[in-house]
Amino acid sequence: MQERLRADMARRDGLGRQARSALDGIVHALKPEGMDPHLPARHLLDYVLEGPDGPRAVVAAGDPATATHLTWLVSGMGIRPQTAMWGTAREAAHLAAAQRAAGAPRPVVIGWLGYPAPTPWRVVLDGPGRRGGAMLAADVRAWWEFLRHGPGEDDDVAPALRARGTAVHGAVEAHSYGSLVAAHALRLLADRGLQPDDAEAPWPAERPVEALVVSGTVGLPAALAARAAHLGLRSGRTFRALAPGDLLARVGRTVGRRRDWTDAAALPVAPRPGLAGAAVRGHQTARWSPTAPEDAPRGYRDVGSVTLAATARVTAGLPLPPVPDGADPAGPVAPA
């Protein structure tokens, strides 16, 4: 992978605009000095610069070969390697750092920009979500097979984690249109028997995804919404964050004629007893900068947000602090 990256860097000037921007974003995301030195190192797992659908890239924050927790971070509308590679890798690193702070020994978060995220005028369509879901399911399945059984005969990599006695807790964190991609991926994994239904398999049952977090979701098509409770997740392991002022999520559901995630547990978007952090507002994943006040509103994935802290716990398989009697699980400010 590194040799291919060096070869592409050598031919950078001959690449098209999108491929060149994607390559620059990948290189910047991988540089140790490109982010806070306290964040996990980034590892390039896969990338395509000149495919028929444009660039794709998959970057891990943390070393997958030693992972105790593996979370797939799936983004939405317009988030592609040529537009947001460094930012996506930083969000993955912030989530991994938050998981580690919550108690996960060796968490890894995969910033997955592996599908052609739709432009704004295509968000109303389900087709990009189905296609992206198939691509995500294929990658999750491939990693699950590697984690369980080790490399193939031609792969010169470390042995399977199971062979070293390490269990891996899997999760997906998806934002905006990425939540639709994640739902389609889980449906495919369930159809193929990789996500056993609770009614058919005792817990714990081995599965690649044990928790799902969606934020700013654009909803689900009726057929998929009817199956939302049968995506191979244990009851109470699907969580949804919806911040005040998140109008794009509402527009996406309404214009796309989609249904809401009715069976998801509310994830806090404002501080509540036992769970500190700044409140989240609006649709963005990142909106805060160090020049802003510490209590300024943040995006869903912003460092220091209550939603990031809560997401880190549930994706690491850890419980949230109990909600006081009569309190809103989302925090004192009701979501818009």
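The values are calculated or read from the model by the stated rules, or taken from the named source; none is laboratory data. What you are looking at is a predicted structure, and each value in this text was computed from that prediction instead of being measured. Please note: Cβ atoms are built from the backbone with ideal geometry, for glycine as well, and neighbour counts cover all protein chains shown.
Within region 254-263, restricting attention to residues that are closer than 15 Å to GLY236 by Cβ and over 19 Å from the mean Cα position of the chain (by Cα), the residue that is surrounded by the fewest Cβ atoms within 10 Å (Cβ to Cβ) is THR262. Looking at ALA266, ALA278, just one residue is buried (at least 19 other Cβ atoms within 10 Å of the Cβ) and either aliphatic (A, V, I, L, M) or modelled with pLDDT of 90 or more (or both), and that residue is ALA278. Restricting attention to region 127-156, and to residues there that are in a loop (DSSP other than H, G, I, E, B) and out of contact with any helix residue (DSSP H, G or I) (no Cβ under 7 Å at 6 or more places or on another chain), which single residue is modelled with the highest pLDDT? Filtering region 127-156 for residues that are in a loop (DSSP other than H, G, I, E, B) and out of contact with any helix residue (DSSP H, G or I) (no Cβ under 7 Å at 6 or more places or on another chain), the one modelled with the highest pLDDT comes out as PRO151. Restricting ARG42, ARG20, ARG12 to residues that are among the basic types (Lys, Arg), surrounded by 12 or more Cβ atoms within 10 Å (Cβ to Cβ), closer than 28 Å to ALA316 by Cβ and out of contact with any Ser or Thr (no Cβ under 9 Å at 6 or more places or on another chain) narrows the list to ARG42.
The residue that is surrounded by the fewest Cβ atoms within 10 Å (Cβ to Cβ), among those in region 63-86 that are within 13 Å of the chain's Cα centre (by Cα) and either of a type in the set (Ser, Thr, Tyr) or farther than 14 Å from THR315 by Cα (or both), is ILE79. Within region 246-261, residues that are in a helix (DSSP H, G or I) reach partners that are hydrophobic (A, V, I, L, M, F, W, C) with beta carbons closer than 7 Å, at six or more positions or on different chains, in the pairs ALA249/VAL218; ALA249/LEU242; GLY252/VAL123; GLY252/VAL218; ARG253/VAL218; VAL255/VAL124.
Among the residues of region 315-322, are any closer than 21 Å to GLY129 by Cβ and either part of a loop (DSSP other than H, G, I, E, B) or over 18 Å from the mean Cα position of the chain (by Cα) (or both)? Checked region 315-322: no residue is closer than 21 Å to GLY129 by Cβ and either part of a loop (DSSP other than H, G, I, E, B) or over 18 Å from the mean Cα position of the chain (by Cα) (or both). Taking the criterion of being of a type in the set (Asp, Glu) and more than 21 Å from ARG100 (Cα to Cα), the residues of region 284-315 that qualify are GLU294, ASP295. Out of everything in region 42-56 that is in contact (Cβ under 8 Å) with a residue 24 or more places away in the chain and assigned to a loop (DSSP other than H, G, I, E, B), what residue ends up being farthest from the chain's Cα centre (by Cα)? If we take residues in region 42-56 being in contact (Cβ under 8 Å) with a residue 24 or more places away in the chain and assigned to a loop (DSSP other than H, G, I, E, B), then GLU50 is farthest from the chain's Cα centre (by Cα). TRP86 satisfies every condition listed in (1) in a helix (DSSP H, G or I); (2) touching a helix residue (DSSP H, G or I) at 6+ places or on another chain (Cβ under 7 Å); (3) of a type in the set (Phe, Trp, Tyr); (4) under 24 Å from GLY219 (Cα atoms) except (4). Take HIS94 and tell me if it is more than 25 Å from ALA171 (Cα to Cα), assigned to a helix (DSSP H, G or I) and not hydrophobic (A, V, I, L, M, F, W, C). Against the criterion (more than 25 Å from ALA171 (Cα to Cα), assigned to a helix (DSSP H, G or I) and not hydrophobic (A, V, I, L, M, F, W, C)), HIS94 does not qualify. Scanning region 39-51 for residues that are in contact with a His (Cβ under 7 Å, 6 or more places away or on another chain) and modelled with pLDDT under 95 turns up nothing. Could you please give the count of residues in region 23-39 that are surrounded by fewer than 16 Cβ atoms within 10 Å (Cβ to Cβ) and outside any helix (DSSP H, G or I)? Residues in region 23-39 being surrounded by fewer than 16 Cβ atoms within 10 Å (Cβ to Cβ) and outside any helix (DSSP H, G or I): 4 in total.
Out of curiosity, is ALA117 in a loop (DSSP other than H, G, I, E, B), out of contact with any strand residue (DSSP E or B) (no Cβ under 9 Å at 6 or more places or on another chain), of a type in the set (A, V, I, L, M, F, W, C) and surrounded by 24 or more Cβ atoms within 10 Å (Cβ to Cβ)? Walk me through it before giving the result.
Details: in a loop (DSSP other than H, G, I, E, B): yes; out of contact with any strand residue (DSSP E or B) (no Cβ under 9 Å at 6 or more places or on another chain): yes; of a type in the set (A, V, I, L, M, F, W, C): yes; surrounded by 24 or more Cβ atoms within 10 Å (Cβ to Cβ): yes.
In short, yes.
Can you find, within region 55-101, the residue that is farthest from VAL181 (Cα to Cα) among those that are modelled with pLDDT under 95 and in contact with a Lys or Arg (Cβ under 7 Å, 6 or more places away or on another chain)? Only one residue tops the list, namely THR66.
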